[in-house]
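Read through the structure below, which is laid out as structure tokens, and then see the notes.
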């Protein structure tokens, strides 16, 4: 489903080389590495948020390097869901509207019933009408998982989804993320240096 | 927009700029329309020497004081039906009023000239019979058979009342023509002479009947020693001005007549069309100043849209990046951002135009009294379409740079730091 080959990225003279990975549809993996090892860069490359300099990424058989900027935007909107370390939302509209905007940006047809079931699964239904600033970090993170799942993606990428959360929320958020990915048969790749997650996932990739 | 006050400020400024420009457009349009309508194909006005513009304003538009009087004898030649150049003349005697409406001594054919007809009653048959314009009727609520005393000058005061002579009697009411006749009280020329104690020809015997009012015949008349003038000859009769229509407007002699009168006689002649253009030029200075002010306001409002969008870029970079992550293309972000400016522009433009028209409608009454024409806020003009297009273009241009910046946001750098 997701394979990379000889992927590397240079910031000026500093070159980061990434290990080749291969992830099956519906499987889950943890990408570990200390700060400065290029975890975020790796994730952004996989998510098509930055241009591939050398090497290749194939998602669902598609060569990411060959997509135009616009095609990349569309592909990401349709097939990839991303959860960030600090969840950002459009501040002027409610959480439910935020999810609807996310749905509208993707080509995937999304019904309100699906949005509701997502919110239910993530236990945030009662917060739907709240504005982003009224939510706690943990609550926001749940919504950002809902947002990442809204386009029924093939691949979910999560960048340090738990490092800003306390232990209790960390376990809960990971569990929800993992469950939701399984429920949709989506592949899940979590990039983190959060040691708390190590014991929870078997497939681990280490960046050096 | 996350900051409603910023948006409100932008809309308000836009409203102000568009509203001011639009008000000028509407005002300009209606003034010119009315001025033009009241030209009534009058080619020349002849009156006493003074300011030609003042004579035109007083004789054609009835908004200024007359320049003085001229003897009927001095314009006799122009009134000769066999005059080779002139097809029609209308004498005007101006100087009295009733409740702020001017009483004009003239001839019946003025109705035809201004394309106005009676809707009630009949034309005057005797002295002191008057025919009133539609606005006069509406404002003063006069009916056929009502009588009133005129006052000297255009302001109604006790000591200027002509209450020592027989009162005027309403015998006819004119239909509304949108011309200045709507605002006038018309009578024959000899009535005006009679009021001022001058014995003209064809003087009716209206002195004694219809006298339901108590006349204070002992009231001292200030300045109108009519008893002494009773003996004077008809040659001394005066009018205020003469409206002239040419047989052929473009004939060489007709065009020269104006200069001939001004150079060779004690009279003054002026062309309404020329004086009107002079007036437009003079008004133009004021209008231009206002228009420039409106333009500056419009630019400031554009700047406010620009600044608030630009500032919001910094605050919203995460939102924008997230929208890109979720599949929003650069074009999508560009259009989102420029729509935000455009919406401010659209709201501001709409409310500006609305405000201008409401303002015009509210002040129509004040203006009507001052300029003697009805104004309305309900008419819309072609120029306003141009105004809308230009206003929206300005709003769009103000948001183009922020929109481009929004579309070029670096997702990786933004989110890697967030």
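The values are calculated or read from the model by the stated rules, or taken from the named source; none is laboratory data. Keep in mind it's a predicted model, so treat the numbers as computed, not measured. Positions of Cβ are generated from backbone atoms using ideal geometry, with glycine treated the same way; all protein chains shown enter the neighbour counts.
Tabulated results
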quantity	calculated
Residues (outside any helix (DSSP H, G or I) and either closer than 20 Å to residue A:10 by Cα or within 14 Å of another protein chain (Cβ to nearest Cβ) (or both)) located in the range A:59-70	A:67, A:68
Total residues in the range B:237-292, condition out of contact with any helix residue (DSSP H, G or I) (no Cβ under 7 Å at 6 or more places or on another chain) and assigned to a helix (DSSP H, G or I)	26
Flag for residue A:42 being closer than 30 Å to residue A:134 by Cα and either within 14 Å of chain B (Cβ to nearest Cβ) or crowded, with 20+ Cβ neighbours inside 10 Å (or both)	no
Residue satisfying all of: in the range B:393-418; crowded, with 20+ Cβ neighbours inside 10 Å and away from chain A (no Cβ under 14 Å); nearest to residue B:325 (Cα to Cα) among these	B:403
Positions within the range B:25-43 being touching a helix residue (DSSP H, G or I) at 6+ places or on another chain (Cβ under 6 Å) and in a helix (DSSP H, G or I), in sequence order	B:25, B:26, B:35
Subset of the range A:104-121 that is facing chain B (nearest Cβ under 9 Å) and buried (at least 18 other Cβ atoms within 10 Å of the Cβ) - its residue that is nearest to residue A:133 (Cα to Cα)	A:105
Among the candidates A:92, A:8, A:35, residue that is over 23 Å from residue A:145 (Cα atoms) and either within 10 Å of another protein chain (Cβ to nearest Cβ) or part of a strand (DSSP E or B) (or both)	A:8
Conditions (1) in contact (Cβ under 8 Å) with a residue 60 or more places away in the chain; (2) under 25 Å from residue A:103 (Cβ atoms); (3) not in a helix (DSSP H, G or I); number of the one not met by residue A:178	(3)
Looking only at the range A:71-87, and only at residues there that are surrounded by fewer than 21 Cβ atoms within 10 Å (Cβ to Cβ) and at the interface with chain B (Cβ under 7 Å from one of its Cβ atoms), the one that is farthest from residue A:142 (Cα to Cα)	A:74
Residue in the range A:171-188 that is in contact with a helix residue (DSSP H, G or I) (Cβ under 7 Å, 6 or more places away or on another chain) and within 20 Å of residue A:45 (Cα to Cα) present	yes
Residue in the range B:225-245 that is more than 30 Å from residue B:167 (Cβ to Cβ), at pLDDT 55 or above and assigned by TED's automatic domain parsing to the domain that holds residue B:109 present	yes
Positions within the range A:143-175 being more than 12 Å from chain B (Cβ to nearest Cβ) and not in a helix (DSSP H, G or I), in sequence order	A:152, A:154, A:155, A:156, A:158, A:161, A:162, A:163, A:165, A:166
Pair list, Cβ < 7 Å and 6+ apart or interchain, from the range B:115-129 residues that are farther than 22 Å from residue B:150 by Cα to residues that are at pLDDT below 90 and part of a loop (DSSP other than H, G, I, E, B)	B:115/B:177; B:116/B:177; B:116/B:179
Residues of the range B:52-77 satisfying the condition of being over 20 Å from the mean Cα position of the chain (by Cα) and not in a strand (DSSP E or B)	B:67, B:68, B:69, B:72, B:73, B:74, B:75, B:76, B:77
Odd one out for residue A:54 among (1) surrounded by 14 or more Cβ atoms within 10 Å (Cβ to Cβ); (2) away from every other protein chain (no Cβ under 12 Å); (3) without any contact (Cβ under 8 Å) to a residue 60 or more places away in the chain	(1)
Positions within the range A:181-206 being more than 23 Å from residue A:79 (Cα to Cα) and part of a helix (DSSP H, G or I), in sequence order	A:195, A:196, A:197, A:198, A:199, A:200
Selection within the range B:328-379 - without any contact (Cβ under 8 Å) to a residue 60 or more places away in the chain and part of a loop (DSSP other than H, G, I, E, B)	B:328, B:329, B:378
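Listed here are the residues, each with its yes/no results for (1) in the same structural domain as residue B:289 (by TED's automatic domain parsing); (2) surrounded by fewer than 18 Cβ atoms within 10 Å (Cβ to Cβ); (3) farther than 30 Å from residue B:74 by Cβ.
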{"site": "B:15", "(1), (2), (3)": "yes, no, yes"}
{"site": "B:18", "(1), (2), (3)": "yes, no, yes"}
{"site": "B:21", "(1), (2), (3)": "yes, no, yes"}
{"site": "B:39", "(1), (2), (3)": "no, yes, no"}
{"site": "B:48", "(1), (2), (3)": "no, no, no"}
{"site": "B:51", "(1), (2), (3)": "no, yes, no"}
